[in-house]
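Trainee: The following block contains the structure, expressed as C-alpha cells.
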Amino acid sequence: MNIYTKNGDKGTTDLIRTKNVSKSDDRIQLVGTIDELTSHLGVVKTMLKDQDVVRILEKIQGTLITVMAGVADPYNREYKINDDKTAVLEEEIDRLEGLFERPKKFILPGACRLSAEIDVARTVARRAERALAMVSVKFGADTGTKKYMNRLADYLYVLARYTDALEAGKTKEDTAAAENRKAADMEENQKSTVNETVIQEVLKRMGVPGRITLDSAKRLIEKIEEEAKRRGKKAVIAVCGPDGNPIAVHVMDGAFLVSFDVAVKKAYTSVAVKMSTMELSKIAQPGGTFYGVDKMDGGKIVIFGGGIPIKAGETIIGGLGVSGGTGEEDHSLAEYGLAHLDEVL
C-alpha cells in the first residue's frame, strides 16, 4: 500500500466522524501542533542520559497520541485524559524543584543545547494548549486534556531549568557532592603531607635525595647544554622540585624567548602528571584519557615532548624541561640528561 492516498490533494482530510474537513480547521491545526510536539520530544530523548526522564517523555508522547485521537473522535471515552496523568506530571515537577533552586527571574533560553531543545518543546506545548483552547470554544474539549496540556508545559519548563542547573553544577546534589569531595580532598592532602614527610625521612636515612638540589640541577643542566651544543641546538633547560617550583633555569645563547616559559611548564607538567610530556601528548589527543588536560591548572600544563620527571628509584625528586626544538628533539635531550643523572646527583 502506498503512503500517498491523494485524498488530501484538495486541502481537506477526514476526522473519525467527520468527512472532508478543511486542513485549515482548528482541529487539524491542533492535531498537527501536537504531532510537532511529540517530534520535538523525540529530539530531546536522543540527547538525554537520564533514562528515567526518557521513560517519562515516552509516556508523555503516548498520552499526546491519545489526545490527538480524542480530537479526531471526541465522543470516544477511551480517549479522555484522566487526572491521574496530570498528577504524575505534578509529582515530577515537585521532585525536580526539590533538587535545585529555581531562578525567580525571566530566563533567556540557551544556557546549554539540551535545555534549549526542551524550551523549544515547551513553547510548542504552549502553542498546542492555545490551539486546544480555540477548539474547545468551537467544538468543545475534554477538561482533563486541557489540564494535562497546561501542566505539561510547566513540566518542560522545570525540566529545562533543572538541566541548566545540572550543567552549571548548581543542583543540591552537586553542592552536597562538592562539599564531600572538598572534605575528602582535605583529608587526603593531610595524609599526603604526612606521607611525604615520612618518605623524605626514609630516603634521607637511605642516602637517597628526597628532592634534587640546586647544585645537582646546575650540573644536570651543564650536561644537557654540552650535548645541545654538540647537536647544534639552542635550548632553555629548566629543573623544578617535586612540588613543581623551579630550582634552576638556564637559557642558552640564541634560544627563543618563548622557550623559557615552555621549558618551565614542561618541567612542572612532568611532576604534575608523573610522566613525560611525550607520553602525555599521546593520551591527551581527542578521545584519549587525558584529552583537555592542557586546559586545566591555569594553562601550566603542556602536552608536547621535552618534559621528564627526575626519579631516585621510584620516587620523583624533580622535573626536567627542555625547549628549543621539536617535541622529539627536546625529549631526546631530556632523556640524554637522565641517562647521566647518576653523575650529577
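Trainee: Quick one: count up the residues across segment 285-325 that are within 16 Å of Val344 (Cβ to Cβ) and β-branched (Val, Ile, Thr).
Mentor: Total meeting the criteria: 4.
Trainee: If you go through segment 255-314 one residue at a time, how many are in a loop (DSSP other than H, G, I, E, B) and without any contact (Cβ under 8 Å) to a residue 24 or more places away in the chain?
Mentor: 12
Trainee: Also: Within segment 119-129, does at least one residue satisfy the condition of being more than 23 Å from the chain's Cα centre (by Cα), surrounded by fewer than 15 Cβ atoms within 10 Å (Cβ to Cβ) and among the basic types (Lys, Arg)?
Mentor: No: zero hits.
Trainee: Looking at Leu96 and the list (1) part of a helix (DSSP H, G or I); (2) under 28 Å from the mean Cα position of the chain (by Cα); (3) within 21 Å of Arg127 (Cβ to Cβ), which single condition is not satisfied?
Mentor: Of everything listed in (1) part of a helix (DSSP H, G or I); (2) under 28 Å from the mean Cα position of the chain (by Cα); (3) within 21 Å of Arg127 (Cβ to Cβ), Leu96 misses just condition (3).
Trainee: Still on this model: Testing Gly11 on (1) more than 16 Å from Tyr155 (Cα to Cα); (2) small (Gly, Ala, Ser); (3) modelled with pLDDT of 90 or more, one condition comes back false. Which one is that?
Mentor: So the condition that Gly11 fails would be (3).
Trainee: Given the conditions (1) assigned to a helix (DSSP H, G or I); (2) of a type outside the set (Asp, Glu); (3) at pLDDT below 95, report the number of the one that Met149 does not fulfil.
Mentor: Going through the list (1) assigned to a helix (DSSP H, G or I); (2) of a type outside the set (Asp, Glu); (3) at pLDDT below 95, Met149 breaks only (3).
Trainee: Here's another thing I want to ask about it. Name every residue in segment 133-152 that is within 20 Å of Glu90 (Cα to Cα) and either among the basic types (Lys, Arg) or surrounded by 19 or more Cβ atoms within 10 Å (Cβ to Cβ) (or both), in order of residue number.
Mentor: Correct list: Asp142, Thr145, Lys146, Lys147, Tyr148, Met149, Arg151, Leu152.
Trainee: Let me ask you something else. What number of residues within segment 315-345 satisfy the criterion of being under 20 Å from Glu222 (Cβ atoms) and not in a helix (DSSP H, G or I)?
Mentor: 11
Trainee: Can you confirm whether segment 223-234 contains a residue that is over 32 Å from the mean Cα position of the chain (by Cα) and hydrophobic (A, V, I, L, M, F, W, C)?
Mentor: Yes: segment 223-234 contains one or more residues that are over 32 Å from the mean Cα position of the chain (by Cα) and hydrophobic (A, V, I, L, M, F, W, C).
Trainee: Kindly establish whether Gly70 is part of a helix (DSSP H, G or I) and of a type in the set (Gly, Ala, Ser).
Mentor: yes
Trainee: I need a count of the residues in segment 14-53 that are modelled with pLDDT under 95, within 47 Å of the chain's Cα centre (by Cα) and among the small types (Gly, Ala, Ser).
Mentor: So the answer is 2.
Trainee: Quick check: anything in segment 115-136 in a loop (DSSP other than H, G, I, E, B), small (Gly, Ala, Ser), in the same structural domain as Lys45 (by TED's automatic domain parsing) and at pLDDT below 95?
Mentor: No, because not a single residue in segment 115-136 is in a loop (DSSP other than H, G, I, E, B), small (Gly, Ala, Ser), in the same structural domain as Lys45 (by TED's automatic domain parsing) and at pLDDT below 95.
The values are calculated or read from the model by the stated rules, or taken from the named source; none is laboratory data. From a predicted model like this one, the values you see are computed outputs, not experimental measurements. Positions of Cβ are generated from backbone atoms using ideal geometry, with glycine treated the same way; all protein chains shown enter the neighbour counts.
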